[in-house]
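The values are calculated or read from the model by the stated rules, or taken from the named source; none is laboratory data. The model shown is predicted, which means the values in this text are computed figures rather than measured ones. Cβ placement follows ideal geometry from the backbone for every residue including glycine, while neighbour counts extend to all protein chains displayed. For accessibility, only protein heavy atoms count, side chains too; no ligands or nucleic acids. Shrake-Rupley method; radii C 1.70, N 1.55, O 1.52, S 1.80 Å.
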2 protein chains.
Amino acid sequence: MIETPYLLFLGDAPDPLAAKVAQGIKDWRPENALAQFRMEGCKADLRLPDMTLEEAKAAGARTLVIGVANRGGVISPAWKKVLVAALEEGFDLASGLHNLLRDEPDLVAVAEACGRALHDVRVPEVDYPIADGRRRTGKRCLAVGTDCSVGKMYTALAMDREMQARGLKATFRATGQTGILITGDGVPLDAVVADFMAGAVEWLTPDNDPDHWDLIEGQGSLFHVSFSGVTMALIHGGQPDALILSHEPTRPHMRGLPDYGLPTLEELRDLSLTVARIANPDVQVVGISINTAAMGEDEAMACLAGIEARMGLPTVDPFRQGAGRLVDALAAL
Amino acid sequence: MIETPYLLFLGDAPDPLAAKVAQGIKDWRPENALAQFRMEGCKADLRLPDMTLEEAKAAGARTLVIGVANRGGVISPAWKKVLVAALEEGFDLASGLHNLLRDEPDLVAVAEACGRALHDVRVPEVDYPIADGRRRTGKRCLAVGTDCSVGKMYTALAMDREMQARGLKATFRATGQTGILITGDGVPLDAVVADFMAGAVEWLTPDNDPDHWDLIEGQGSLFHVSFSGVTMALIHGGQPDALILSHEPTRPHMRGLPDYGLPTLEELRDLSLTVARIANPDVQVVGISINTAAMGEDEAMACLAGIEARMGLPTVDPFRQGAGRLVDALAAL
């Protein structure tokens, strides 16, 4: 559990895209995004107050979150100076970088001396159990994709926002580093040891009120041979009651696999249901989320209408249209 | 890679079953099983020569393999004395125990001082890549089960033995601790980090001669919610050309999951083919391996005949009948 609110460290981001983790935090949990910290030459701007470490501390920030992708995989000396000062000022640090905070001896030494925590959200901090498959109370929804990176996290976050706005009981459950930094909590599923993957998802989505929905962040795809095992564990550990099919219609092949074409939405529906019914015989596909970012408005609307007619399920791009119809479908279950 | 041949340490095994890892090594790789080392009160006997450390060393043994399950999860002081003496005598140590050799400071110190290796086969020793899904040369066969522990490893080892006897090109590829200790090599798949599972299986089964078969040790089951992600990664990383269906007909429910019934062989066939075709469109189910250990001879034969008639595939219990018909089916592909 990462202490909130955050001071978002944008460092010397070479462009706005490099700060997309920080942008995600601001977009989805504005209450966690107290201020931004930018170094000289920073080309990103979240339109949050710029604060010094002292100012942010005085304003109540608890954790400095590295919300920027670094170049070359090393924590630069220029960054290091700020990170050390932040620990000394009383901040915890949180990072989703490949190179870990805990592998930097100077940060470890200062954190220990100051009694601060270093959160590397790519690394599990819990000893997860082996899954026991027991049916849990409460409801769970999972987005499954034809491919990786088709908008599953966005879909779950948009549904969570809509459900909160309607006063429904819902919790977004993060399973990847960006989701964990956004919410301050979750399971970095792709870094969990194989035997404990499904158990980690059970741990993440425990018994709850009968009318409460966990909106579980999806990972990978059953059809992506590099990561399908992670998706499988997510389905069997999450034992979802509702599935959302996620798809990006313009992609020429599976991400990173030039020889692999994408499955159809029908193939995704059928395999996902077959697999999910093993853990929950009552599971249903309730809607479809299409990422139309690569299309113009007219083309996108035609695409969505065509898929809806073909599949007979509410079909939306939650970025263009919001997740209202997906939440309607969930509420109708 | 564990150096062979082995001196098999049976310790103070309370009964023969406790030494089943050592028994497996002797059964499947007798050339690796030079001798046994038994302590006072040992109730197991592999009918191998009993040797002292000195005698085994002189006879050419390279590694002392802990071939016995210990009680209570600790390495007892009585064992420790033998293990230290073995390192001093020039043996490497290999173990599949939950409690690791490398977590015992005295063993680590002696191993370092003597220049010997400690092999904990539950722990990966390689940085595996992320799977790239590239089609590889050579052929691969994988046993998939209706449940865990239905005889998948036994089936692959029996097929390997039969293929070696026929002069066919084949390699048993171990994916679990017992298999790794038997062959001295392999991937402890259930201990690999999620993102690298499929890549580890690709690494284990590289390009090979067009007429060479990898016989990949199966793990878990697509229908076992605790471990299905591991099975999925095995199928997509192994991209098998041939599948063997494995089943134990008398089991009342999935192992460790009292609320989960077993799937039918038809369900296993259909889901396994759907999933395996993603990585290899030409994959076929070639045969069925039934574990009839809980049945009398007549009942077993009737069971096998019934399944063969129903499924239209060669159906054998490789323990009772050998794996000849499964190898025939593979050769006919």
Computed magnitude of the charge dipole of the range A:139-332 (debye, nearest 20; Cβ of K, R +1, Cβ of D, E -1): 100
Percent carbon-and-sulfur accessible area, chain B, ignoring ligands, DNA and RNA, probe 1.4 Å: 52
Total charge dipole magnitude, the protein assembly as shown, about the Cα centre, Cβ charges on Lys, Arg, Asp, Glu only, Debye to nearest 20: 540
Scattering curve values for the protein assembly as shown, log₁₀ I(q)/I(0), Debye with Cα scatterers, q = 0.06, 0.10 Å⁻¹: -0.39, -1.02
With all protein chains modelled, accessible area of B:Leu53 [1.4 Å, Å²]: 10
Copy-to-copy label separations for B:Gly312, where each label sits 7 Å from Cα toward Cβ, in nm and ascending: 2.9
Where the range B:6-120 is the region considered: accessible area per residue in Å², 1.4 Å probe: 46
Helix A:77-89 axis, angle to chain A major axis (alpha carbon atoms, nearest 10°): 80
Range of Cα positions in the range B:149-211 per principal axis (Å), largest first: 38, 28, 21
Per-selection Rg to Rh, chain B - Cα, Kirkwood hydrodynamic radius: 0.98
Charge dipole (the protein assembly as shown, unit charges on Cβ, about Cα centre) - positive-most of B:Phe9, B:Ser226, B:Val193: B:Ser226
Whole-number percent relative contact order across chain A, with pairs defined as alpha carbons under 8 Å at least 6 apart: 15
Gap separating the Cα centres of the range A:6-46 and the range B:169-189, nearest whole Å: 48
Contact surface A-B: accessible area buried, both sides summed, square angstrom, 1.4 angstrom probe: 2600
Total charge dipole magnitude, the range A:6-120, about the Cα centre, Cβ charges on Lys, Arg, Asp, Glu only, Debye to nearest 20: 260
Kirkwood Rh and Cα Rg combined as Rg over Rh, evaluated for the range A:139-332: 0.94
Using alpha-carbon coordinates, inclination of helix A:297-311 to the longest axis of chain A, degrees: 50
For the range A:6-120, fraction of C-alpha pairs farther apart than 16 Å, in %: 54
Teacher prompt: A:Pro14 distances to equivalent labels in other copies, 7 Å Cα→Cβ, nm: 6.2
Label 7 Å beyond Cα on the Cβ vector: B:Asp207 copy-to-copy distances, nm: 5.6
Reachable lysines from B:Lys43, criterion Cα separation under 29 angstrom, eight or more residues apart if same chain: B:Lys20, B:Lys26, B:Lys57, B:Lys80, B:Lys81, B:Lys152
